[in-house]
Amino acid sequence: MTIEHLKRGKSEADRVEDDAKTAAIVATTLKDIEARGDKAVHELSIKFDNYDRQTYRLSQDEIDDLIAKVTPRDLEDIKFAQEQVVKFAQAQRDSMLDIEVETMPGVILGHKNIPVQSVGCYVPGGKFPMVASAHMSVATAKVAGVPRIIACTPPFNGEPNPAVIAAMHLGGAHEIYVLGGIQAVGAMAIGTETIDPVHLLVGPGNAFVAEAKRQLFGRVGIDLFAGPTETMVIADETVDAELCATDLLGQAEHGYNSPAVLVTNSRKLAEETLSEIERILTILPTADTAGVSWRDYGEVILCETYEEMLAVANDIASEHVQVMTDRDDWFLENMTCYGALFLGPRTNVANGDKVIGTNHTLPTKKAGRYTGGLWVGKYLKTHSYQKVTTDEAAVKIGAYGSRLCLLEGFVGHAEQCNLRVRRYGGQNVAYGKATE
């Protein structure tokens with residue numbers, strides 16, 4: 001391959017070191033929450049969010065007062081966005097059918113899609129109030145039929161953010177807590193004296209939230225590894241540097257460690273995009289954040305062929321992949337590792353983040369190699385069942401089962417099968433096998 005890096009970000013070794021430091025902090029904090037419950041959560045909230053109140057759960061009166069502060073236009077926009085997310089989630093849910101089939105006479109197999117019984121939704125909001133994350137996690141859980149939905153979000157400028165709280169409430173949250181970071185995720189998963197633990201954690205977050213979810217996995221379920229935002233632009237000479245630079249910096253502003261990568265087969269576009277990024281950073285209000293991300297995590301990768309571009313993109317497995325080429329559908333057909341695709345110059349990641357209807361909680365750190373993003377199916381457990389309804393089927397399956405159990409040395413297993421053969425086979429069976 002003839003691949004050239006015109007700009008690189010932090011080395012993999014440096015990134016691994018950062019992850020190790022984060023993991024150590026998270027482990028200590030989660031142990032503290034488990035040992036001291038509400039007291040630890042209270043102290044952590046004061047320490048990290050400078051937010052102190054007797055109980056972090058909002059009362060219905062508080063929720064109503066906060067929603068009243070949202071302007072009519074903002075409330076209308078929130079409802080519109082939520083409607084789009086719910087519409088797509090409902091279509092996904094409708095595609096997931098319970099099944100029951102008779103695989104042979106008298107043998108019936110099936111599965112049921114059962115909602116998780118409780119979910120904790122984390123909605124980021126310390127730096128930017130992530131209103132849209134409430135639609136993605138809370139409203140989608142409601143579509144799935146989850147009977148207990150709790151939601152946590154950090155205070156914004158020292159107070160609950162009215163728009164975020166409105167989105168949580170309208171989305172269907174049964175309990176709303178003003179808690180952020182590790183303390184929120186830990187309290188929902190581990191439980192405290194006042195917060196019952198949940199079965200599943202969902203939602204994006206910073207590196208500490210993502211690591212907390214990773215460490216808690218097994219104790220509870222998690223949707224996926226959704227850490228700091230990543231974006232990739234795959235572009236050729238059909239688009240210009242302004243589009244590429246805008247789409248890269250539009251995601252880099254999320255935080256100080258948000259990778260943004262341009263993959264292109266046009267040296268001219270690559271060099272012009274580098275210049276355009278520097279220009280935009282002189283006028284972008286969030287340049288203090290986006291500039292750090294671009295400096296430390298920005299990359300420009302120059303390839304010769306579309307096949308090389310595809311290989312690089314699949315290897316990086318970015319969370320958001322913006323494709324603007326003369327063959328967007330070819331990338332749709334051949335891309336295998338990513339969070340979500342945004343195809344064509346009319347499309348952009350911000351629409352996916354906020355309003356278009358697909359879910360914006362997506363896999364990061366190469367997790368797109370083995371999972372897709374949050375969707376209604378993440379809240380559902382597919383459970384199988386089986387029943388044998390005739391004596392003949394019990395005898396036939398039992399005979400095969402007995403022999404296969406003995407093949408593995410499981411005598412007790414075999415006897416479970418043999419008992420059915422003897423009991424339902426009448427006089428026409430020998431021990432462990434049926435007469436054909």
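The values are calculated or read from the model by the stated rules, or taken from the named source; none is laboratory data. Here the structure is a predicted model, which means the values were calculated and not measured. Note that each Cβ is placed from the backbone with ideal geometry, even for glycine, and that neighbours are counted across all protein chains shown. What goes into the accessible areas is simple: the full protein's heavy atoms, side chains included, and nothing from ligands, DNA or RNA. Shrake-Rupley method; radii C 1.70, N 1.55, O 1.52, S 1.80 Å.
Comparing G250, G425, G344 in a Gaussian network model of the chain (Cα springs below 10 Å), the most mobile by mean-square fluctuation is G425. For segment 278-387, the Cβ-based charge dipole about the Cα centre amounts to some 800 debye (Lys, Arg positive; Asp, Glu negative; other atoms uncharged).
Using helices alone, what [θ] at 222 nm do you get for the chain, with -39,500 (n - 2.57) per DSSP H run of 4 or more residues, divided over all residues and rounded to the nearest 500?
Computed mean residue ellipticity for the chain: -14500 deg cm²/dmol.
Placing pseudo-labels 7 Å out from each Cα toward the beta carbon at E242 and K39 gives an inter-label distance of 6.1 nm. Long-range amide H contacts for V233: which residues qualify at under 5 Å (H placed 1.01 Å from N, peptide plane, sequence gap of 5 or more or a different chain)? Counting only residues 5 or more places away or on other chains, the set is V261, L262, V263, Q322. Model label points for E272 and I46, set 7 angstrom from Cα along the Cα-to-Cβ axis, are 5.7 nm apart.
The C-alpha atoms of the chain define a longest principal axis, and helix 12-36 lies at about 60 degrees to it. For segment 318-408, applying the loop criterion from DSSP together with a ceiling of 11 other beta carbons within 10 Å to the trypsin sites (Lys or Arg not before Pro) yields R346. Quick check: at a probe of 1.4 Å, how many percent of the accessible area of segment 258-327 sits on carbon and sulfur atoms? Of the solvent-accessible surface of segment 258-327, carbon and sulfur hold 50 percent. Put simply, the amide H of L380, placed in the peptide plane, has neighbours under 5 Å in V116, leaving out anything fewer than 5 places away on its chain. Whole-Hz Karplus values for segment 229-246 come out as 4, 10, 9, 9, 10, 9, 9, 10, 6, 6, 10, 10, 5, 4, 4, 5, 5, 5 Hz, taken residue by residue from phi with 6.51 cos²θ - 1.76 cosθ + 1.60 and θ = phi - 60°; glycine and proline positions read x. Of the trypsin sites (Lys or Arg not before Pro) in segment 206-267, the ones in a loop by DSSP (not H, G, I, E or B) with at most 14 other beta carbons within 10 Å are R219.
Here the dipole of the chain is about 1840 debye; that uses its Cα centre as origin and unit charges on the Cβ of Lys and Arg (positive) and Asp and Glu (negative). Electrostatic tally near H135: other residues with Cβ closer than 12 Å to its Cβ, Lys and Arg +1, Asp and Glu -1, net +1. Helix 267-281 and the longest principal axis of the Cα set of the chain meet at an angle near 70°. Each label was represented as a point 7 Å from its Cα along the Cα-to-Cβ direction; for E62 and R219 these points are 2.4 nm apart. Take segment 190-309 with all the other protein chains still there, run a 1.4 Å probe, and you get 39 Å² of accessible area per residue. Loop-located trypsin sites (Lys or Arg not before Pro) in segment 1-46 (DSSP state other than H, G, I, E, B) with a sparse environment of at most 10 neighbouring Cβ atoms within 10 Å are absent. A full extension of the chain between T282 and H174 corresponds to an added length of 34.5 nm, given 0.36 nm per residue minus the alpha carbon distance. Classification of segment 224-292 by its C-alpha gyration tensor yields an oblate form. The axis ratio a/c (a ≥ b ≥ c) is 1.5 or more, and b/c is at least a/b.
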